[in-house]
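Colleague: The structure that follows is given in the form of structure tokens.
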Amino acid sequence: MTKLYFLLSLAVFSLFQQSATAGYKKTNEPDSVYLFSYTTDKNENKNGLHFAWSRNGSEWYAIGNEYSYLRSDYGRWGSEKRMYSPFLLQGPNGSWQCVWSVNDRDNSFAIATSADLIHWKPQSYPLVKEGTSFLLPVVKYDASHKNYLVSYADKGGKHYQFSSQDFKTYSPVKEIRSSEYTDPAISITLASGKVKGQKHRVAWSLVDQLIKTYELKQYKQQLSNELMADDPQRFAGLKDVKTTFTVQPKQAKPISDLLTGIFFEDINYAADGGLYAELVQNRDFEYALSDKEGRDKNWNSSHSWKVRGEASGFSIDSVAPIHANNPHYAVLHVRESGVVLENSGFDGIPLRKGESYDFSLFAKALEGKFTALEVSLVGKDGKVLAQSKINLASGGWKNLKTTLVTTADAADAVLTIKPQGSGKLALDMVSLFPRKTFKGRKNGLRLDLAQTVADIHPRFVRFPGGCVAHGDGIENIYRWKNTIGPLESRTPQRNLWGYHQTAGLGYFEYFQFCEDIGALPLPVIAAGVPCQNSATGGAGQQAGIPMDQMDAYIQDIFDLIEWANGDVSTPWGKKRAAAGHPKPFHLKYVGIGNEDLIGDVFEERFTMIFNAMKAKHPEITVIGTAGPNSEGSDYEAGWDLATKLQVPMVDEHYYQNAAWFIHNQDFYDRYDRSKSKVYLGEYAAFLPGRPSNLETALSEALYMTSLERNGDVVSMASYAPLLAKEGHTQWNPNLIYFNNTEVKPTAGYQIQKLYGNNSGNSYVPAEKSVNSDQDAVKNRIAYSFVRDADSKDLIVKLVNLLPVKVDAKVDLNGFAIAGAKSTRTVVQGTPSDKQLSPVVSDFTVSDQFNVDLPGYSFTIIRIKAK
Ligand code: AHR
């Protein structure tokens, strides 16, 4: 951005501020004007509601160049979220109702309400008559009956009508004569062409606010779009900057010691093929076309498997399986010539020379006679790298095990199974685990990946998502009970990110991992509603769990608490003990909901769950949710609901441009301390192309100083997402990338790790003075002083997002330090650097000391305090 552009932006902002001053009105402005509401078919009808205004009803001006004041949130990402024929009407109490058609298939429509056309309440999607589609709505207010009358056409050309007083309850839909349906929509001509919609008479002040809202949004967007690539112009001529930080020891305040946690979701192959150490892909033969909604015809029960020897040597069956939850298994049709069944793993099976691999499977001879199975690990060149034989006995399903020890390294071996005998042999749950898992756990986690995660020193682990927690449609909601117990009895399911979840990494393994790394478990459970972007299950969030099933759903949550915390004498505590963990897991936090649409369907179910939890388990801190953004209808409604119910903590999510984090450092400084605490459950800085580099990492580091400063209201935070497997990535950026043999922590990872290992539980304020009067300069220097009660260390974090060095002077102002010996850790580089290596050195401090903060750097000084 050029300097001129920047100055212009400032001018727009100061104009906005002036005119927003209460009572300010230009005397030559009209009292009222015409307002026109409309949409267009641009961007596949996804642009939502626009406005234009006119003084005389004939010359019209589009507000904000077709800015969208309301967008449809109905249905799935990508293919839906469309608004057709919005009908806007102002009701008797002044509130605006907007009703629109969502598509020409579903028997539902969308309704949203607003007092000012700027802030909208969350949308809802009521159902109309089954078998009809909802097109071309017309809304009237019938003052005599105090009712809104909604008429609509359906695809077949018939017309219908229903009424509602409040758009919460509705009369039955009745068919009306087509002559009774009249659409009052009119067309107007804008500079961009003709548009169709409704004309309203409104106060000029309303239009004025619409215009200013647009201008403010534009201004904020310009700030958020700032890139460090433009710093040479933005800071042209800037010389080294001098800053003083004067610590205010007397104003220290306690802050949360849970500020760095991790968000784990099975996205980007984070679980199967990732953290979960299983090396056999589709071990349960449960991959299904529906996992990918039929888009990949090879994604079925035989995916990753192939048979050598006889083309017809392999089929899938489901008669008398090992367990009803795992219905499919492989059948090998073995003749004299023999067949070999081969699994190619997740992009091949990585092996390390001299290490042990635990193989297991279930087998049953269906016909003929089999004496043994020869199990081998074979390199790409056909060389056998490990081999073992398992004897087979006749009878029903048998669980057979052996260990393979490898003679060489391999990046992409295959597993082969060769039956000895002939007839038909059923196989299922074919598994291969490295013996070396994290902490040596059986059914455990990949050692290098888990260790990289553990090195962050996270205070909590959120699981199983993200959207995986609330699922794609009701049937896909993550049910914790399906993920515990013997592996063959767990219920695998479609992963909404377009693949398959075996549930091998289930609740027991999540809790075990938390314990192994000294982190608190934070399970997130759907609030009885699936993801608002669901592709299946009908009208998005319309399809909440039926109310008559909610008691059972809540009982499942109670059972989880008993499973995690109950004594071994309790039914669920007993199951935990049977799984190998008699001691409780000390569950303290449970999230209910994941960035949901806070509509009626959500509110009813969340309230029911929250009240039940409060009554039965007051010892558990319930975390509510406030939508997927840092503003907007779900954010506002989520917070309103949390305030009404006095929910102890609210989960906020926002993925923003890197510069947004610079320009919103005060986001939490203005939070009301008497309301719910905050769990910033998902956040990350974005740049064009979605890299993780020094620019994103430093923007996050800078913002995290504000999380520490506001650690009295922000209790927890977790960057998202955590893991991504190369070649299987649905989302960028992530904290840690990996393939089968390498782990590649990002720049953002280094920042999280530095925070995780340098946290405190009290915040010591400081005063900052900078020898510059440019806000852009001052905003890019951030600090945080925290004290850790255990080590007694005072930890100083200093961020410099400027291209020039900052000469910093730290005045400890009498803060009692134990000695001069401290350490300094610095990350620095150029904004596009992808890899960061923190450099640690000894550092000497005194009551007043100087430290150079290199351009684009993050510095941590750890001082021993008395
Ligand atoms: O972190 C990736 C996704 O982002 C999560 O699943 C979802 O909660 C959010 O939209």
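The values are calculated or read from the model by the stated rules, or taken from the named source; none is laboratory data. Since the model is a prediction, treat every value here as computed from it, not as a measurement. Virtual Cβ from ideal backbone geometry, glycine too; neighbours counted across all protein chains shown. Note: accessible area is taken over every heavy atom of the protein model, side chains too, but ligands, DNA and RNA are not part of it. Shrake-Rupley method; radii C 1.70, N 1.55, O 1.52, S 1.80 Å.
Colleague: Give, as a single signed number, the net charge of other residues whose beta carbon lies under 10 Å from the beta carbon of residue 574, with Lys and Arg counted +1 and Asp and Glu -1.
Modeller: Spelling it out: positives minus negatives among the neighbours equals 0.
Colleague: Follow-up. In segment 423-462, which residues have a backbone nitrogen under 18 Å from the label point lying 7 Å from residue 488's Cα in the Cα-to-Cβ direction?
Modeller: 424-433, 443, by backbone N distance to the label point.
Colleague: Listed highest first by mean packing, meaning other Cβ atoms within 10 Å per residue, what order do 130-140, 491-501 come in?
Modeller: 491-501, 130-140
Colleague: Still on this structure: Considering only protein heavy atoms, what per residue accessible area in square angstrom results for segment 707-853 with a 1.4 angstrom probe?
Modeller: For segment 707-853, the per-residue accessible area is 37 Å².
Colleague: Another question about this same structure. In terms of solvent-accessible area of protein heavy atoms at a 1.4 angstrom probe, what is the ranking of 279, 227, highest value first?
Modeller: The ordering from most to least exposed comes out as 227, 279.
Colleague: Once R0 is set to 60 Å, what does the formula 1/(1 + (r/R0)^6) return for the Cβ-Cβ distance between residue 44 and residue 818, expressed as a FRET efficiency to the nearest 0.05?
Modeller: 0.40
Colleague: Using the basic label-point model (7 angstrom from Cα toward the beta carbon), what is the residue 407 to residue 171 distance in nanometres?
Modeller: Roughly 8.5 nm, to one decimal.
Colleague: Sticking with this one: Could you please report the charge total around residue 860, scoring K, R as +1 and D, E as -1 over all other residues with beta-carbon less than 10 angstrom from its beta-carbon?
Modeller: Spelling it out: positives minus negatives among the neighbours equals +3.
Colleague: Here is a further query. Shape of segment 648-710 from its Cα gyration tensor (a ≥ b ≥ c, root eigenvalues): rounded if a/c is under 1.5, otherwise prolate when a/b > b/c, or oblate?
Modeller: prolate
Colleague: Moving on. Solvent-accessible area per residue for segment 135-180 at a 1.4 Å probe radius, Å²?
Modeller: 58 Å²
Colleague: What is the distance, in nm, between label points placed 7 Å from the Cα along the Cα-to-Cβ direction at residue 383 and at residue 640?
Modeller: Using points 7 Å along Cα→Cβ, the separation is 6.9 nm.
Colleague: Let me ask you something else. Can you find, among 425, 451, 480, the residue farthest towards the positive end of the dipole of segment 424-489? Put +1 on the C-beta of Lys and Arg, -1 on that of Asp and Glu.
Modeller: 451
Colleague: Using r as the Cβ-Cβ distance of residue 239 and residue 355, and R0 as 56 Å, what FRET efficiency do you calculate, to the nearest 0.05?
Modeller: Step by step, r from the Cβ atoms, then E = 0.45.
Colleague: Kindly list the residues of segment 203-223 that lie in the label zone of residue 28, defined by a backbone N under 14 Å from the point 7 Å along the Cα-to-C-beta vector.
Modeller: none
Colleague: Show me the ranking of peptides 84-94, 445-455, 693-703 by mean Cβ neighbours inside 10 Å, starting with the highest.
Modeller: 693-703, 445-455, 84-94
Colleague: What is the list of residues in segment 383-410 whose amide nitrogen lies under 18 Å from a point 7 angstrom out from the Cα of residue 448, following Cα to Cβ?
Modeller: The answer is 406-410, whose backbone nitrogens lie closer than 18 Å to the label point.
Colleague: If a/c stays under 1.5 just call it rounded; otherwise compare a/b with b/c (prolate if a/b is bigger, oblate if not). Do that for segment 190-302, with a ≥ b ≥ c from the square roots of the Cα gyration tensor eigenvalues.
Modeller: The shape class here is oblate.
Colleague: Would you mind telling me the antiparallel percentage of the DSSP bridges in the chain, rounded to 5?
Modeller: Just about 80 percent of them are antiparallel.
Colleague: Please name which of 774, 219, 504 has its Cα lying farthest along the dipole of the chain towards the positive end, using unit charges on Cβ (Lys, Arg +1; Asp, Glu -1) and the Cα centre as origin.
Modeller: 504
Colleague: Ranked from the most accessible area to the least, with a 1.4 Å probe and all protein chains present, what is the order of 169, 625, 27?
Modeller: The residues order as 27, 169, 625, largest area first.
Colleague: Going by a ≥ b ≥ c, the root eigenvalues of the Cα gyration tensor, does segment 687-846 fall in the rounded group (a/c under 1.5), the prolate group (a/b larger than b/c) or the oblate group?
Modeller: Since a/c reaches 1.5 and a/b is larger than b/c, the shape of segment 687-846 is classed as prolate.
Colleague: Give the peptides 458-466, 368-376, 630-638 in descending order of average Cβ contacts within 10 Å, highest first.
Modeller: Ranked from most to least packed, the peptides come out as 458-466, 630-638, 368-376.
Colleague: Using a basic spin-label model with each label point 7 Å from the Cα along Cα→Cβ, how many nm lie between residue 293 and residue 570?
Modeller: 4.0 nm
Colleague: With +1 on the Cβ of every Lys and Arg and -1 on the Cβ of every Asp and Glu, and nothing else charged, how large is the dipole of the chain about its Cα centre, in debye rounded to the nearest 20?
Modeller: Dipole magnitude for the chain comes out near 760 debye.
Colleague: Roughly how many debye, to the nearest 20, is the charge dipole of segment 51-103 about its Cα centre, given +1 on each Lys and Arg Cβ, -1 on each Asp and Glu Cβ, and no other charges?
Modeller: That gives segment 51-103 a dipole magnitude of about 120 debye.
Colleague: Give me the 1.4 Å probe accessible area per residue for segment 451-541, excluding ligands and nucleic acids, in Å².
Modeller: In whole numbers, segment 451-541 has 22 Å² accessible per residue.
Colleague: Determine the gain in length on full extension of the stretch residue 316-residue 56; use 0.36 nm per residue of separation and subtract their C-alpha separation, reporting nm with one decimal.
Modeller: 86.3 nm
Colleague: How much of the accessible area of the chain, in percent, comes from carbon and sulfur atoms when a 1.4 Å probe is used?
Modeller: C and S atoms contribute 50 percent here.
Colleague: To the nearest 0.05, how large is the calculated FRET efficiency for residue 672 and residue 611 if R₀ is 25 Å and r is the Cβ-Cβ distance?
Modeller: Efficiency at R0 = 25 Å is approximately 0.60.
Colleague: Another question, if that's okay. Taking each full run of DSSP H in the chain as one helix, which ones are at least 20 Å long along their axis (Cα atoms) and have mean Kyte-Doolittle hydropathy of at least 0.0?
Modeller: Sorted by number, the helices that extend far enough and score high enough are 3-19, 550-565, 694-709.
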